Structure formats: structure tokens, C-alpha cells
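Readers should treat all values here as calculations from the given coordinates under stated rules, not as data from a laboratory. Remember, predicted model here, so these are calculated numbers, not experimental data. Counting neighbours? That spans all protein chains shown, and the Cβs are built from the backbone with ideal geometry, glycine included.
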Ligand code: DGL
């Protein structure tokens, strides 16, 4: 029996996590849901966002009947994992800022965190810094623009380097003669921009993308071993909460992820 997974994000950023799950568990039966009706989550106030996701997730679980749910969104995970776990007897695997690995890796002890404004404001994020990065100077940067820019890039639209550079520059700082050397991609949209980020970064840094670790966590929670090499990817389905068809420009991205969505 293959695992039935519901992978959820506000948009198409969660596909960066799905891609890694696919690599490790191609046999998984996956439904991907993008809450395009609510996108972007980054600027929502915490309480309405939490109520919105809890009520939406109730309907999605009812409909898709997954064995586990992957909240492939930092903005949601740093807020709604406790109420979701309280409401459903199902494993929820979240995506939270990879501050601990970044702090362990940083040589300069100056770390940047690129996130949405929502993730930046969360107590959860502050607690991660307090618990795991006490000896680091952490610069949290919440951008309202970067996730929509990532979506534009994924749709094949042209996005100016300057637009991306403006959003990431505040994470590049110098403190007591030491510069940022490690940056956490604390929004699942950002790994899709990695080549652009590297190209416009003021200086080279290590970029921490937690997608692979999250996929490993999915396997460990479900007590599954990785699929053997050569196992064929089981076709999955992708849904938009608006009920709209998927933009045709995203058909190649969905196909690359082994997903079918109704195109426009
Ligand atoms: N992909 C989402 C995250 O990881 C956020 C994008 C948004 O809706 O603002 O935080």
C-alpha cells in the first residue's frame, strides 16, 4: 500500500518540498493543494489566517482522506500545527525555518533568514532563534514580494534582478567585522529562485534549503523506507482552492513534479 499524502501550501512553493518527497518516495499517492484563493499568506494577520487554514484543512482532509498531511509552508506551519494536531488524529509534518542547522553551520555566526512577514513575526520563529542560535547574530527579513516573484518566475515571466536583490539585500549584513555567511530559505517558494538568489547576492553564502530534511521526516513519521531506485512515480493530482484551472504556463512545472492539474 502506498502512502496517501496531502501536500499543502498557499501557492506553488510547496512543490519544492513535494519534489524531494517524490525523490525519496515516488510510489506515494499525492494530492497537492495550493490555496491560491488565500495567496499570499505572508501578509495575513495571525488569527484570521489560523482560522482560515483550520477550516479549509477540515474540508481537504474529509475529501482526500490522507494518511498524513505535509504543511509545505513556513507561514502556516509556524502558526497552525497545534490546532491542526488537536483537531485531527493524523500526522502533520510542518516546515519551519531551518535556524538550527544554519546556526550550526555558520562560521561567522551571522545568519540571515529570508521569510514572509508572517513567519518573521511569529513567536515560534523567535523561539527557534532563542533556543538554537543564541551565539549568532540573526537577521530576520520578512518580504511580501519574494513569494509572488517566485511564482512569477515559475510561470516563466521575466523578473528583474534588481527586484530580487532589493528583497534579499537586508539579510546581508556585517556585524563587528563579520559578514552573513549562511542564509535560511524560510519560505518554500524560495528554493525555486535559488539560481537567481545566487546570481544577485552581494557575496557568496551557504543557502539552507530544508526540503530534503522535511521529506526524510515524512518517511520517518510514516515509518517508511525510501523507495528502491527505479520505482516509477505514481501520478498525483494538483488542485487550486479557487476552483480555477491551473495556468497553462505551469503545466511543465506540474508535469516535472508528476502532477496533473486541470489546465486553463
Ligand atoms: N510558501 C509559503 C511559506 O513557506 C509562503 C508564501 C506566502 O503565501 O506568502 O511561507
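What percentages make up the Cα-Cα pair-distance distribution of region 32-142 when the bins are 10 Å wide from 0?
With 10 Å bins starting at 0, P(r) equals 13, 43, 29, 13, 2.
Calculate the FRET efficiency for residue 157 and residue 231 from the Cβ-Cβ distance with a Förster distance of 51 Å, rounded to the nearest 0.05. All intermediate terms of the calculation are to be shown ahead of the outcome.
Numbers: r = 35 Å, r/R0 = 0.68.
After rounding to 0.05, the efficiency reads 0.90.
Can you give the helix-only mean residue ellipticity at 222 nm for the chain, where every DSSP H stretch with n ≥ 4 adds -39500 (n - 2.57) and the sum goes over all residues, rounded to the nearest 500 deg cm²/dmol?
-11500 deg cm²/dmol
Output the relative contact order of the chain, whole-number percent, from Cα pairs under 8 angstrom with separation of 6+ residues.
Values: 506 pairs, mean separation 68.8, N = 264.
It rounds to 26 percent for the chain.
Place the peptides 138-150, 96-108, 160-172, 180-192 in order of packing, highest mean first, counting for every residue the other Cβ atoms within 10 Å and averaging per peptide. Mind showing how you got there, number by number?
Working: 138-150: 21.3, 96-108: 19.0, 160-172: 16.1, 180-192: 26.1.
So the order, starting with the most tightly packed, is 180-192, 138-150, 96-108, 160-172.
Between residue 88 and residue 216, what is 0.36 nm times their sequence separation minus the Cα-Cα distance? Round to one decimal in nm.
43.9 nm
Using only Cα atoms, tell me the angle between helix 74-87 and the longest principal axis of the chain; keep it within 0 to 90° and round to the nearest 10.
50
Below 8 Å, C-alpha to C-alpha, sequence gap of six or more: please give me the relative contact order for region 158-256 in percent.
Taking the mean separation of contacting Cα pairs over the length of region 158-256, I get 22 percent.
In percent, what relative contact order does region 1-99 have, based on Cα pairs under 8 Å that are 6 or more apart in sequence? Show your work: numbers first, answer last.
Values: 133 pairs, mean separation 33.3, N = 99.
Reported as a whole number, the value is 34 percent.
Once Rh is set to the Kirkwood radius over Cα pairs, what Stokes-Einstein translational diffusion coefficient, in µm²/s, holds for region 104-225 at a temperature of 25 °C and a viscosity of 0.890 mPa s?
Working: Rh = 15.3 Å.
Answer from the Stokes-Einstein relation: 160 µm²/s.
Which percent, to the nearest 5, of DSSP beta bridges fully inside the chain are antiparallel?
Percent antiparallel among DSSP bridges in the chain is about 5.
Using the Kirkwood radius built from alpha carbon pairs, what does the Stokes-Einstein equation give as D for region 90-157 at 10 °C and 1.306 mPa s, in µm² per second?
Answer, rounded: 119 µm²/s.
Quick check on region 159-264: take the gyration tensor over C-alpha atoms, sort the square-rooted eigenvalues as a ≥ b ≥ c, and tell me if it's rounded (a/c under 1.5), prolate or oblate.
Working: a/c = 2.82, a/b = 1.48, b/c = 1.90.
Here region 159-264 falls in the oblate category.
Would you please classify the overall shape of region 159-215 from the alpha carbon gyration tensor, given that a ≥ b ≥ c denote the square roots of the eigenvalues, rounded means a/c under 1.5, and beyond that prolate means a/b larger than b/c while oblate covers the rest?
It comes out oblate by the Cα gyration axes.
On C-alpha positions alone, give me the angle between the axis of helix 123-132 and the longest principal axis of the chain, in degrees, nearest 10.
Helix 123-132 sits at roughly 60 degrees to that axis.
Compare the peptides 71-84, 26-39, 117-130 by average per-residue count of other Cβ atoms within 10 angstrom and give them in order, highest first.
Numbers: 71-84: 25.1, 26-39: 21.1, 117-130: 18.6.
Most protected by this proxy first, the peptides run 71-84, 26-39, 117-130.
Tell me the Kirkwood hydrodynamic radius of region 11-78 in angstroms, computed as one over the mean inverse distance between distinct C-alpha pairs.
Working: mean 1/r = 0.0769 Å⁻¹.
Across region 11-78, the inverse of the average 1/r is 13.0 Å.
To the nearest 10 degrees, how steeply does helix 15-24 sit against the main Cα axis of the chain, on a 0 to 90 scale?
So the helix axis and the longest Cα principal axis differ by about 70 degrees.
Based on the mean of other beta carbon atoms within 10 Å per residue, what is the order of 49-61, 12-24, most packed first?
12-24, 49-61
Rounded, prolate or oblate: pick one for the chain, where a ≥ b ≥ c are the square roots of the eigenvalues of its C-alpha gyration tensor, a/c under 1.5 means rounded, and failing that, prolate if a/b is larger than b/c, else oblate.
Verdict is prolate for the chain.
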